[in-house]
Amino acid sequence: MPAPQPIALPLVLGAALAAGACLGPNPDYVPRDTGADEATTTAGDTSEETTAESSTETETTTEGSETDETESAETSEGLPECMNGRLDGDETDVDCGGSCEPCADGLGCAEGPDCASGVCEDGTCQAPTCDDEVANGGEYGVDCGGPCIVCAYSEFVAELDDYAESSALYPTVSMFADGTFAVAYIALDGTQPQARWFDGFAEPQGPGVVLDDQYVLALGVGLIRAAAVDANPEDHRVIVSLPTSSMSQVSLRMVVRDAEQLEDSALMAEGSPSPSYADVASLGGGAVTAWMQDDQIWTRTYANGWAGEAVTVEPDPPNHIGDVPSVAVSAAERVFAWRRCNTMGQDCGVVTRRWQDGSFVGDAPTLLDTGYPESTAVAIGEDGRAVVVWVAQQIIRAAFVDAEGALLGEPWQLQAGLSNNLVSVADVAALSDGSFAIAWPDTQGAKIHMRRFIGPDEPLVTSVGDEAIWPGSTGPLGVSLDARGQHMVVTWSAVVEGTYQIQGQVVAF
């Protein structure tokens, strides 16, 4: 999940609002034995010797023919038609088609069901494509999902929040094991942050609820971030990092709740300098957090309360400072990404560090790219690979990290020429098919873009440059996405009739 720099929301909003082949020979056809017919005799030259030899040859040939036919009968005897290596019955090619198993690409067919791909053209089974109007080749639906662009699982929803008058901004979405999800968001007018729960088709399950009515949101110290609690398949709780303000003091809290009640509101960090830019990642029934305080990146584990004290992610605090952290969790691994500079605020870059089996891996973080990112986001897949996305100098870039924590290939550019680093908060999610989905807002292009990648600068779908199936949006801001199984929910904020609303859609892949 991304952790952006402080944002002067009214200024940002003001700027955004202004802006067939034939079949082969049938093996059932056995040529008639013509050995006897081929024996010719000269007229008037018939002798007993010739007749005897001819008779002997005929008997020998007949015996051989009978032997071949017997062996052939024994070879196919007892085998089903679909396994006898012969074209028979209603098969359209040898042992396939008709009432047998469908045929592979390139084999004979009479109609679509004769083919594994479901597509028969000119008597030949065709390979699956993304425009053959059949659900095949690993597709989720007809010509979508799998190797094709994502499918629309729900309708596009232009307003997921239910703020009556205020603009709703910067959603953070959490998808649960059963495909339902919750979206948390903030309000421009100071209304306390809320969360709202939805079914798998993006239908609201009730009104939005205040995350914690005892505290006021602190602006300018990062956004709220949320993750699903995975204690069991029926669990619909979210765990949210919430920056709060009280008596001019900023603190970070960990809020745990479902749609019905607040379960916990635990203090994460406080003091001076103020903590900020927190991120959170699900860890079974709890979560792992990361935040910035006193120019260092800290992490702590929550599991029905805090488990131990906070520790710094930076291995060399005297000589380096950090900011805008993000964290991802998978099994026994954790991956952190952040902006790292020397103590003079120079020689900056995007780095990652891996935590495995109870301790950090290596003596130093891995440098992915130089520059000064305004936000980072990271996701880790089941194979241990991770993807980091960041925004710097109005360019969105990404990089793969291998299971050992080393840079995999080279970082690549997703888009340049963004209108504003601060509103271009991107996100990334690891998907069940091994790919990674990256989404980002394009204010100038009035669009939320999304693509899936299987390697560095290697998109899963190459026939299009953008897999986004939703309509364009006016002044889109930060995006958040999450996935479970073969479903993913993508959310963002955009202008609707002069007011920012939370928008989104559930897709299948």
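The lone criterion from (1) in a loop (DSSP other than H, G, I, E, B); (2) under 20 Å from the mean Cα position of the chain (by Cα); (3) more than 25 Å from A337 (Cα to Cα) left unmet by V425 is number (3). For the range 368-404, a tally of residues being of a type in the set (F, W, Y) and under 16 Å from V324 (Cα atoms) returns 2. Residue-level analysis places T244 outside the set of residues that are touching a Ser or Thr at 6+ places or on another chain (Cβ under 7 Å) and modelled with pLDDT of 95 or more.
Within the range 292-351, which strands (runs of 3 or more DSSP E) (wholly inside it) include 3 or more residues that are modelled with pLDDT under 95? Even if it seems obvious, please write down each step before you answer.
Working: elements: 296-302, 306-312, 320-330, 333-342.
By residue number, 306-312.
In the range 455-465, the condition of being in contact with a Leu (Cβ under 7 Å, 6 or more places away or on another chain), surrounded by fewer than 21 Cβ atoms within 10 Å (Cβ to Cβ) and modelled with pLDDT of 95 or more is met by at least one residue.
Once the range 327-381 is narrowed to residues that are under 14 Å from V401 (Cβ atoms) and aromatic (F, W, Y), the residue that is surrounded by the most Cβ atoms within 10 Å (Cβ to Cβ) is W338.
The values are calculated or read from the model by the stated rules, or taken from the named source; none is laboratory data. Just so you know, these numbers come straight off a predicted model, no measurement behind them. Every residue, glycine as well, gets a Cβ built from its backbone with ideal geometry; the counts of neighbours run over all protein chains shown.
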